[in-house]
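Structure first, then comments.
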Amino acid sequence: MTKTTGAQYATENIDIRPFHVNVPEAELTELRRRINATKWPERETVNDASQGVQLATMQALARYWATEYDWRKIEAKMNALPQFITEIDGLDIHFIHVRSKHENALPLIVTHGWPGSIIEQMKIIDPLTNPTAHGGSASDAFHVVIPSMPGYGYSAKPSSTGWDAPHIARAWVALMKRLGYKKFVAQGGDWGAVITEQMGVQAAPELLGIHVNMPGAVPPEIDKAAATGAPAPEGLSAEEKLAFERLQFVYSKGVAYGYQMGLRPQTLYGIADSPIGLAAYFLDHDAWSYALISRVFEGAEEGLTRDDVLDNITIAWLTNTALSGARLYWENKLTYFGVKGVSVPVAVSSFPDEIDLCPRSWAERAYPKLIHYNKLEKGGHFAAFEQPQLLSQEIRAGFKSLR
C-alpha cells in the first residue's frame with residue numbers, strides 16, 4: 001500500500017476554489033438513450049426479493065428515469081449551496097461548506113457512505129445551520145462541511161493505492177483546519193461512520209467528539225460468531241440476541257456487494273457501462289432500504305422520493321465513479337461493525353432499520369466516553385436522506401454537552 005509523506009506534498013496547492021456542477025445536455029440525452037436500450041433479463045423465479053432486486057422495481061425505476069426524472073432540479077439545489085474544491089495529499093477534494101448565521105456555531109464535518117454522495121446529506125444542512133427555523137435554538141447551530149469521499153462524486157479519483165478510511169480521516173482533519181476551524185466535531189453513517197470513528201481513534205486535538213448512526217460497537221466475539229455462522233454466544237439479552245440475528249442475516253445474505261468490491265472491484269465493468277446495472281447494484285444495499293425504495297416506486301410516499309433515489313444514482317453515473325467508489329472496499333482492512341478503539345466522546349443514534357442494531361449495552365462497552373445514546377422509533381441506514389429531521393435533532397442532542 002502506498003504511503004504518503006509530507007515531503008511529497010510540499011508543493012501542494014492549498015487554495016480553496018469555488019465549484020459549480022454543470023452537466024452538458026448531451027450527457028443527459030445519452031443517459032436516457034442507454035436506459036431505453038437496456039437489455040432486460042427475465043423476471044425472478046420467486047415472489048420476494050430473495051434473488052435480488054426485482055424486475056418490476058427496476059422497470060418502474062427505468063420508466064421514470066427515462067421519461068420524467070429531471071437532473072437539473074438537483075443540480076440547481078447543489079449550485080445554490082457554497083461548493084468548493086481543495087487539494088489534500090495530492091487529491092482534489094470536493095465539499096459543501098455552509099456557515100451558520102448564528103454566533104458560536106459548532107463546526108461539523110459530515111461524511112456520506114456507499115452507495116452515496118453529498119446529495120444524501122443536503123437535507124440536514126438547513127436544520128443544522130439554521131436551527132431556529134426547525135424547532136431548535138440558536139445555541140444548537142452548526143457550521144456544516146460535507147465532503148465527497150475520494151473517488152466519489154466530484155472529488156478526484158485516486159490513481160494509486162492508500163486512500164483507505166484512516167487516510168480519509170486524516171484528510172478530513174486537514175480540511176477542517178484549512179477552513180480555519182480550531183475545534184470541531186464529526187458525524188457519519190455507513191462509510192461515513194467508519195471514517196468518523198477513525199477520526200475518533202486518531203483523536204486529533206482539534207476533534208471534540210463524534211456522532212455515528214452506524215456504530216461500530218459489536219463486541220468482537222459476537223461479530224466473529226455472526227460472520228462465521230456460529231450460534232449466538234450465551235447470556236445475550238433479548239435486545240442483544242435480536243442485534244446478533246440481524247448481523248448474522250447481513251453477513252450471510254445481505255452484503256454480497258461488499259465481498260465483490262472488497263475482492264475484485266475492477267471486474268464491475270457492467271455497472272460503469274449500464275445505468276440500469278448501476279441502479280440495481282446501488283438498490284441492493286440492504287433489505288430494509290430496498291423494501292422502502294420498492295414501495296416508493298410503487299407509489300408510496302415515505303422518507304425517500306423517487307427523485308431522491310435517482311439523484312444519488314445519477315450523480316455516480318455522470319461522474320463515472322462506480323469503480324473508483326468500489327475500490328474503497330478493496331482498500332479496507334477494518335471491521336465494519338466491530339469495536340475500533342475510539343477514545344474521544346461519542347454520541348450514538350440507533351435506527352431500527354439499520355443493518356447493525358446497537359443495544360445501549362454494546363455502545364457503553366465500545367465507547368468509554370459515551371455522551372449520548374438514543375434508540376429511534378423509525379428510520380434506516382440512510383438516515384440523513386430518509387429522516388433528516390430526526391437525525392438533525394439527534395446531532396444537536398448528541399453534541400450539546402461538547403459546546
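Could you list, in sequence order, the residues of the range 251-261 that are aliphatic (A, V, I, L, M) and modelled with pLDDT of 95 or more? Correct list: M261 only. Filtered by the rule that a residue be open to solvent by 10 Å² or more (accessible area, probe 1.4 Å), within 14 Å of I124 (Cβ to Cβ) and part of a loop (DSSP other than H, G, I, E, B), the range 364-403 gives F382, Q387.
Anything in the range 200-227 that is of a type in the set (S, T, N, Q) and more than 17 Å from L108 (Cβ to Cβ)? List them, or say none. Break it down into steps so the answer makes sense when it comes.
Filtering the range 200-227 down to residues of a type in the set (S, T, N, Q) leaves 202, 213.
Listed by number, the list holds a single entry, Q202.
Here I119 clears all of (1) assigned to a helix (DSSP H, G or I); (2) open to solvent by 10 Å² or more (accessible area, probe 1.4 Å) except the condition numbered (2). Listed by position, the helices (runs of 4 or more DSSP H) enclosed by the range 138-256 that each have at least 3 residues that are open to solvent by 20 Å² or more (accessible area, probe 1.4 Å) are 165-178, 220-228, 238-249.
Answer yes or no: is there a residue in the range 316-330 that is over 22 Å from A156 (Cα atoms) and among the aromatic types (F, W, Y).
Within the range 316-330 (the criterion being over 22 Å from A156 (Cα atoms) and among the aromatic types (F, W, Y)), the answer is no, since none of the residues qualifies.
Anything in the range 346-363 that is under 16 Å from A397 (Cα atoms) and surrounded by fewer than 23 Cβ atoms within 10 Å (Cβ to Cβ)? List them, or say none. Those that are under 16 Å from A397 (Cα atoms) and surrounded by fewer than 23 Cβ atoms within 10 Å (Cβ to Cβ): none in the range 346-363.
Each row is one residue, and each column tells you yes or no for (1) touching a Pro at 6+ places or on another chain (Cβ under 8 Å); (2) under 15 Å from P115 (Cβ atoms).
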residue: S324; (1), (2): yes, yes
residue: K333; (1), (2): no, no
residue: G338; (1), (2): yes, no
residue: P345; (1), (2): no, no
residue: V348; (1), (2): yes, no
residue: F351; (1), (2): no, no
residue: P359; (1), (2): no, no
residue: A363; (1), (2): yes, no
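In the range 269-298, the qualifying residues are those that are closer than 28 Å to F249 by Cβ and without any contact (Cβ under 8 Å) to a residue 12 or more places away in the chain, and the one that is most open to solvent (accessible area, probe 1.4 Å) is R295. For G135, are the conditions met, namely being part of a loop (DSSP other than H, G, I, E, B) and within 14 Å of L391 (Cβ to Cβ)? The answer is yes for G135. The residue pairs whose first member lies in the range 212-223 and is within 17 Å of V344 (Cβ to Cβ), whose second member is surrounded by fewer than 24 Cβ atoms within 10 Å (Cβ to Cβ) and basic (K, R), and whose beta carbons are closer than 6 Å, counting only pairs six or more residues apart or on different chains, are G216/K340.
With respect to the stated conditions, E298 fails to be charged (D, E, K, R), under 17 Å from the mean Cα position of the chain (by Cα) and either within 14 Å of W191 (Cα to Cα) or at pLDDT 95 or above (or both).
The values are calculated or read from the model by the stated rules, or taken from the named source; none is laboratory data. Predicted model, so just to flag it, every value in this text is computed and none were measured. No Cβ is skipped: glycine too gets one built from the backbone with ideal geometry, and neighbour counts run over all protein chains shown. Side chains are part of the model used for accessible areas, which takes the heavy atoms of the whole protein and leaves out ligands, DNA and RNA. Shrake-Rupley method; radii C 1.70, N 1.55, O 1.52, S 1.80 Å.
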